[in-house]
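Below is one structure, written out as structure tokens; the observations come after it.
The values are calculated or read from the model by the stated rules, or taken from the named source; none is laboratory data. From a predicted model like this one, the values you see are computed outputs, not experimental measurements. In this analysis, Cβ positions are derived from the backbone assuming ideal geometry, glycine residues included, and neighbour counts consider all displayed protein chains. Note: areas computed on protein heavy atoms with side chains; ligands, DNA, RNA excluded. Shrake-Rupley method; radii C 1.70, N 1.55, O 1.52, S 1.80 Å.
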Amino acid sequence: VHPLDLHHIGHAVSDLDAAVDLYERMFGAVCDDRATLAEQGVHVAALLVGASRLELMAPTEPDTPVGRFLAKRGPGMHHVAYEVGDIREALAEADAAGAQLIDPEPRSGLHGLQVAFIHPESVAGVLVELVETRGGSDGGWS
Ligand code: CO
């Protein structure tokens with residue numbers, strides 16, 4: 001198994017503008033990009049906090065995965081994302097190691113990056129996202 005680097009932390013919020021403002025004022029974050037991923041039902045802000053990345057997500061509608069997450073648990077930590085060079089290879093390795101794949105096939109995430117999620121039940125309670133960065137990230141989001 002290849003050791004994986006952390007790519008970003010996902011934080012679910014109800015008010016995206018307020019959360020971006022909070023991270024800018026409190027932690028010196030810089031908003032790198034904002035987008036709406038309609039098929040995932042989220043408005044997303046990609047932040048850089050020093051050399052680290054943070055993804056703030058607010059639901060487009062209550063009846064979406066992040067909308068249901070907020071209704072059940074309130075705002076908070078949502079997922080941890082790891083950076084991989086080849087997402088299909090990483091999914092096969094995770095599968096072989098016992099991961100319960102939510103996405104057996106990668107899908108398009110922020111910036112068109114290929115992503116796939118692993119069920120929290122198979123990772124001791126934490127939702128995990130794999131992000132394919134195609135041989136090395138430049139420190140930014142894309
Ligand atoms: Co993410």
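Quick notes on this one:
- Computed lengthening from Asp63 to His2, 0.36 nm per intervening residue step minus Cα-Cα distance: 18.3 nm
- The chain - share of DSSP beta bridges that are antiparallel (%, nearest 5): 75
- Nonlocal amide H pairs with Gly10, under 5 Å, H built at 1.01 Å: Glu55, His78, His79, Val80, Ala81
- Relative contact order of the chain, taken over Cα pairs closer than 8 Å and 6 or more residues apart, is 24 percent.
- Helix 87-96 vs. the chain, principal-axis angle (Cα, 0 to 90°, nearest 10): 70
- Accessible surface of segment 1-52, 1.4 Å probe, proportion on carbon and sulfur as whole %: 55
- What the Cβ-Cβ distance of Ala51 and Glu121 gives, at R0 = 41 Å and to the nearest 0.05, is a FRET efficiency of 0.85.
- Charge dipole of segment 41-104 (Cα centre as origin; +1 on each Lys and Arg Cβ, -1 on each Asp and Glu Cβ, all else neutral): 380 debye, rounded to the nearest 20.
- Highest mean packing first, where packing is the average number of other Cβ atoms within 10 Å per residue, the peptides 113-120, 19-26 line up as 113-120, 19-26.
- Angle in degrees between helix 16-27 and the longest Cα principal axis of the chain, rounded to the nearest 10: 90
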